[in-house]
Amino acid sequence: MYMRANTRRIMVRGVPIGGGSPVTVQSMTNTDTRDVTSTVNQIRALAEAGCEIFRLAVPNRDAALALVEIRKAVDVPLVADIHFDHRLALLALEAGVDKLRINPGNIGSATRVREVASAARERGASIRVGVNAGSLKKKILNHYGRPTPEALVESAVEEVDLLDDLGFTDVCVSIKSSNVMETVRAYSLFAEKRDNPLHVGITEAGSLRYGSIKSACGIGAVLAAGIGDTIRVSLTADPREEVFAGAAI
């Protein structure tokens, strides 16, 4: 009998993730976030396709500042994708994003995470801890020798526990690899350890045809095990195709 894992619920601008809520479909814009008009147009196109949560790359200060105008133009859940520089996360929160994606492999020290968590709490934003096989912390990678499922889960648990210790619990988790079976194993291991809602996907799945098949296998296997609260199909294609594939899965 199919049973979904009992996870905590977080909110992203009125859209629930976890806690028995319907599985939501996400996508990510592939425009230059600094180009406000193009980005807004793509967000609207994704919304028409059925996308429920929208992630944007924020690689630099100009992209973070552009979020101010993007936020004014669209009333949808926006997620800022942050790597390396925690100050970009702070700027994105000031601009009004609803959620951050941070990578424990490159976001920096506990002090920086504390600063981000404090700002997110003040603004009612949630956080996704996004663990990726290609960017694990050196100490974890050295211990396991390679990005095994156990290594990915240790990285995720470490960051989640840090945020919990800081009193920040509006956290979902993704544990992604380009290896389907290892990704499935990692999600299963994490679900045994913590109750955070899970964002499910396969990293760099590939082209429209191959990536859709690969993602259907991986995401489908995780969902069939009763694990997963929101999904994104990562394709090198028009982002609307990610939404169509996700809805089909």
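Going down the list Lys138/Lys193; Lys138/Lys214; Lys99/Lys193; Lys99/Lys139, which pairs span over 25 Å between their C-alpha atoms? Intermediate results must be reported in sequence, preceding the final value.
Working: Lys138/Lys193 23 Å; Lys138/Lys214 28 Å; Lys99/Lys193 23 Å; Lys99/Lys139 28 Å.
With Cα atoms farther than 25 Å apart: Lys138/Lys214; Lys99/Lys139.
Given labels modelled 7 Å from the Cα in the Cβ direction, how far is it in nm from Asn30 to Asp164?
In this crude spin-label approximation the distance works out to 3.8 nm.
Taking the Cα centre of the chain as origin, work out the dipole magnitude from +1 charges on Lys and Arg Cβ and -1 charges on Asp and Glu Cβ, in debye rounded to 20. Kindly include the intermediate steps, with their values, before the conclusion.
Values: 30 positive and 29 negative charges, 35 e Å.
With only Lys, Arg, Asp and Glu charged at Cβ, the dipole is about 160 debye.
Counting only protein heavy atoms and a 1.4 Å probe, tell me what percentage of the range 120-199's accessible area is made up of carbon and sulfur. Don't skip to the answer; put the middle values down first.
Details: 1540 of 3400 Å².
Roughly 45 percent, rounded to a whole number.
So, counting K/R as plus one and D/E as minus one, what does the shell of residues with Cβ under 15 Å around Asp32 add up to?
On the way: positive: Arg34, Arg55, Arg61; negative: Asp35, Asp62, Glu69, Asp81.
Charge balance in the 15 Å sphere: -1.
Kirkwood Rh over alpha-carbon pairs of the chain, then Stokes-Einstein at 25 °C and 0.890 mPa s: what D in µm² s⁻¹, rounded to an integer? Mind showing how you got there, number by number?
Working: Rh = 17.8 Å.
Calculated translational D: 138 µm²/s.
Would you pull out the residues with amide H under 5 Å of Thr24's amide H, same chain only if 5 or more places away, H placed 1.01 Å from N?
Thr230, Ile231
Residues with beta-carbon under 13 Å from that of Leu90, excluding Leu90: net charge, scoring Lys, Arg +1 and Asp, Glu -1?
Numbers: positive: Arg61, Arg87, Arg112, Arg114, Arg121, Arg123; negative: Asp85, Glu94, Glu115, Glu122.
With Lys, Arg at +1 and Asp, Glu at -1, the net is +2.
Could you state the accessible area per residue of the chain in Å², with a 1.4 Å probe and every protein chain left in place?
43 Å²
The values are calculated or read from the model by the stated rules, or taken from the named source; none is laboratory data. From a predicted model like this one, the values you see are computed outputs, not experimental measurements. Quick reminder, even Gly has a Cβ in these numbers, built from the backbone with ideal geometry, and neighbours come from all protein chains shown. Heavy atoms of the whole protein, side chains included, go into the accessibility calculation; ligands, DNA and RNA do not. Shrake-Rupley method; radii C 1.70, N 1.55, O 1.52, S 1.80 Å.
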